[in-house]
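Reviewing the structure listed below.
No lab work stands behind these numbers, since they all come straight from the coordinates. Keep in mind the model is a prediction, meaning the values are calculated, not measured. All Cβ positions, even for glycine, are placed from backbone atoms using ideal geometry, and neighbour counts span all protein chains on display.
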Amino acid sequence: MIRRIACLILMPVLAACTPEFSEGEPAAASASSLTHAEATTLSGIALDQPLRILGTEPFWAITTDDSDVLLERPDAAPQHFTPSGFHVTGNQAELRSTTLSIVLTPGPCSDGMSDRQYPLTAEVRLDDAVLKGCALPKADLDKAKP
């Protein structure tokens, strides 16, 4: 009897603590989004936001977002890859497609051409080529432009 009374009293209180979901958004989807967001963070950088990865000698640049990975080089046509998303294991994050692999690790990185310090180092494998460079959120790079 006491248990029933306690449940009746606590039920409205506990219901008020339950997070609200917008119509059509099940609780399970929200929980998986949280897990996905936590799993795609490396050294405090959200990897599900657009990133800019670049290197010199030879010059190359990659822009990632949730639907495309774009590789640009001055001596070749732009190449698009379908991303699988970054997978974080320990102290590194890796994105793979059929012919492209990007591995990011935290730590200061310099492009060798400017005074800019990047928060992530990058190693890109494209077929048999290995490109080394730096990475940062694209928004941070856009803020630095005059």
Neighbourhood charge, 10 Å Cβ-Cβ cut-off, centred on Asp65 and excluding it, Lys, Arg +1 and Asp, Glu -1: -2
Residues of the range 82-113 with the amide nitrogen closer than 13 Å to a label point 7 Å from the Cα of Val130, along Cα-to-Cβ, please. 103
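Can you give the percent of C-alpha pairs in the range 41-144 whose distance is more than 24 Å?
Values: 753 of 5356 pairs.
Result for the distance tail: 14 percent.
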Looking only at the range 111-146, which residues have a backbone nitrogen under 13 Å from a spot 7 Å from the Cα of Phe59 in the C-beta direction? 113-114
